[in-house]
Amino acid sequence: MSAIVGNDWNVQRGYFNTALRGIPPRASVEAAQQTLELWSRGELDWIKWLDDVERVRSAFAALIGIPPAQIGVGHTTAGLVNVVASNLKSNSRVLVPEKEHNSNTIPFLGQQHRGIVVDTAPWTEMANRISGEHAVVALSLVQSIDGSIADLRTISQRCRQTGSLLCVDVTQAAGWLPFDASLADIIVCSSYKWLMGPNGPAFICLRSDLVESFGQLQPNWFACTEPHAAPYGVQFAPASSARKFDVVPALISASALLPSLALINQVGVETIHRHNTGLAEKLCARLSVAYNGSSIVMLEVPEATQKLKPRGIRATIRGDRVRVAIHIYNDMEDVEALVKAVLAR
């Protein structure tokens, strides 16, 4: 099983760390270099810089099937979850899974001074623990710690029965896992993992009525109705779309992410899903490990660092636990190299 687009990356064989940081295609590197070159010559067109954000918004909207008007562009997932946390009524309760990534917990914990309470539940019990007391249920669609995939439809149905808002972080899912974005009320996503972008942009997608009812967390000129207006005075109305949650973009972030999103949309998430999970399933079969249907595989490897690093295998290693993340640029040769390293004596 070969990589889907074999010559589009500089990455060397044995890279299995996409769950930590994705590798950009060559076109993304070239786009970032072009932006830096224009900047260095004093020729950077700031209008194009801002327009690139609109192209990124549209490309991400196409990826998940949500209208661009419902998508805000920020820098980090945690920063955008803060939009949700800050708009909760005082004394609200929030439910999150045990061992949820802290980008989805710290923003709510930071509202404890307003009486916000954060409850936790075992991953497999999430749907059963949702009650009418929970204003928000926040979770990752794919768990960072081990690649477990949430039963999004069941959790969504339960949230709608109880009136709880469902906030789903798709950072470890978008780009390889097909999902129905309409099942969530709020979606957040960072771009530097499976979307193979830089740190930033990050996205927040909100149900239409929430776009209207949620207040801005960081009012700024880029989130105004007319961001190209002269920056003087006091008359600056916020955008009526989800642009009101935008922040001023980092210099190279949008230009670098655009080619990555274009490639994913061109190849198709369904195709990437078949590729990634096909390799993951073969890896598990070769190592006699139960397969969970994810692009992320957890392995128990005694002396993991000593076995993997000298052989050029790059993955997330914590003691004897190895998190393997398989993406579009991996192939069967990578898998065989990993298997050989794991089984080495």
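Could you go through the range 202-218 and let me know if any residue there is within 30 Å of His273 (Cα to Cα), modelled with pLDDT under 95 and among the small types (Gly, Ala, Ser).
So far as the range 202-218 goes, no, none of its residues is within 30 Å of His273 (Cα to Cα), modelled with pLDDT under 95 and among the small types (Gly, Ala, Ser).
Looking at (1) more than 30 Å from Leu183 (Cα to Cα); (2) outside the structural domain of Leu257 (by TED's automatic domain parsing), find the lone condition where Pro24 falls short.
Tallying (1) more than 30 Å from Leu183 (Cα to Cα); (2) outside the structural domain of Leu257 (by TED's automatic domain parsing), Pro24 fails exactly one: (1).
Among helices (runs of 4 or more DSSP H) lying entirely in the range 246-345, which contain 1 or more residues that are surrounded by 14 or more Cβ atoms within 10 Å (Cβ to Cβ) and touching a Leu at 6+ places or on another chain (Cβ under 7 Å)? Spell out the reasoning first.
Numbers: elements: 253-267, 269-287, 304-308, 332-343.
Counting at least 1 such residues, we get 253-267, 269-287, 332-343.
From the list Asn292, Asn330, which residue is touching a residue at least 60 places away in the same chain (Cβ under 8 Å) and touching a Ser or Thr at 6+ places or on another chain (Cβ under 7 Å)?
Answer to the selection: Asn292.
What is the residue count in the range 82-130 for residues that are farther than 20 Å from Gly72 by Cβ, out of contact with any helix residue (DSSP H, G or I) (no Cβ under 6 Å at 6 or more places or on another chain) and among the polar types (S, T, N, Q)?
The total comes to 8.
Mind checking which residues of the range 73-116 are in contact with a Lys or Arg (Cβ under 8 Å, 6 or more places away or on another chain) and either at pLDDT below 95 or over 21 Å from Gly215 (Cα atoms) (or both)?
Leu95
Kindly indicate which of Val117, Val142 is touching a residue at least 60 places away in the same chain (Cβ under 8 Å), among the hydrophobic types (A, V, I, L, M, F, W, C) and out of contact with any Gly (no Cβ under 9 Å at 6 or more places or on another chain).
Step by step, each of Val117, Val142 is checked, and only Val142 is touching a residue at least 60 places away in the same chain (Cβ under 8 Å), among the hydrophobic types (A, V, I, L, M, F, W, C) and out of contact with any Gly (no Cβ under 9 Å at 6 or more places or on another chain).
For the range 220-235, indicate whether the set of residues that are part of a loop (DSSP other than H, G, I, E, B), touching a strand residue (DSSP E or B) at 6+ places or on another chain (Cβ under 6 Å), more than 16 Å from Lys48 (Cα to Cα) and modelled with pLDDT under 95 is non-empty.
No, the conditions are met nowhere in the range 220-235.
Sort out which residues of the range 60-93 are small (Gly, Ala, Ser) and either outside any loop (DSSP other than H, G, I, E, B) or not assigned by TED's automatic domain parsing to the domain that holds Asn104 (or both), and write them in order of number.
Correct list: Ala61, Ala62, Ala69, Gly72, Gly74, Ala78, Gly79, Ala85, Ser86.
The values are calculated or read from the model by the stated rules, or taken from the named source; none is laboratory data. Everything quoted here is computed from the prediction, not taken from an experiment. For neighbour counting, all protein chains shown are included, and Cβ atoms are generated from backbone atoms with ideal geometry for every residue, glycine included.
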